[in-house]
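Note sheet for the following structure.
No lab work stands behind these numbers, since they all come straight from the coordinates. The structure displayed is predicted, hence computed values, not measured ones. Because the Cβ atoms are built from the backbone with ideal geometry, glycine has one as well, and the counts that use them run over all protein chains shown.
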Amino acid sequence: MFIQTEITPNPSTLKFIPENKVLEKGTHEFRSIEEAKNSKLASDLFTNKAVTNVFFGLDFITITKSESYDWDVIKPDLLSKIMNFFTLGLPIVESDVNKSDNQNIEEKYNDDQKKIVKQIKSLLDEKIKPAVAQDGGDITFVRLDKNIVYLELRGACAGCPSSTLTLKSGIENMLKYYIPEIESVEAVN
């Protein structure tokens, strides 16, 4: 099995692209070995003491390491764990509960706010998520409060040195352009 690796804008995160599809839909993020209990692959990756975050996208895996470790030292172990996992043919995640799914979040909004939330989610899905997925990350809508949009940065985006610039200059400007009611965009993490 061939697994391609790519650097990301976050120097602590590396993107692994296996020739197999990773997920059928959605994303999954694990911030600890305890959170990874329903994923054998994530659990295996966390046995490497350098790993601090594992993120699964549709066709990629991003792994974030502690700054005190060097990629040249830990990358062979991680590649081996990913290859061994895919040869077993097991599911990536045991239960198919998508942690990034916020389908019922609109219940607390009035009709005008629901329309804005729907536009935000549409712009995120169509224009923003594909771009950040190329860098090994994801952005999830959390809430709209007093015309401020709160987003969660995931995968390579979380902790990335350029995430503030991306959030303010890219995402905030785009959302304000299409939805004039929006005053600002903030990260929750």
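Restriction of the trypsin sites (Lys or Arg not before Pro) in region 124-189 to DSSP coil positions whose beta-carbon has at most 10 other beta-carbons within 10 angstrom yields Lys146. Here semi-axes √(5λ) of the Cα gyration tensor in Å was computed from the coordinates, and among (i) 32, 18, 13; (ii) 52, 15, 13; (iii) 27, 19, 17 the match is (i). Roughly how many Å is it from the Cα centre of region 107-127 to that of region 147-189, as a whole number? Result: 15 Å between the Cα centres. Proximity of backbone amide H atoms, modeled 1.01 Å from N, is registered between Ser162 and no other residue at under 5 Å, excluding neighbours fewer than 5 places apart on the same chain. Here the chain is assigned +1 on the Cβ of each Lys and Arg and -1 on the Cβ of each Asp and Glu. Its dipole about the Cα centre then comes out at about 20 debye. For region 4-90, the dipole from Cβ point charges (+1 on Lys and Arg, -1 on Asp and Glu) about the Cα centre works out to 180 debye, to the nearest 20. Bridging of Lys75 to lysines at a Cα separation below 18 Å is possible for Lys15, Lys49, Lys65, once same-chain residues fewer than 8 apart are set aside. The chymotrypsin sites (Phe, Trp or Tyr not before Pro) of region 3-100 that DSSP puts in a loop, and whose beta carbon has at most 16 other beta carbons within 10 Å, are Tyr69. Taking the 0 to 90 degree range and rounding to the nearest ten, how far is the long axis of helix 71-88 tilted relative to the main principal axis of the chain, both from C-alpha atoms? For 71-88 against the chain, the angle is about 90 degrees.
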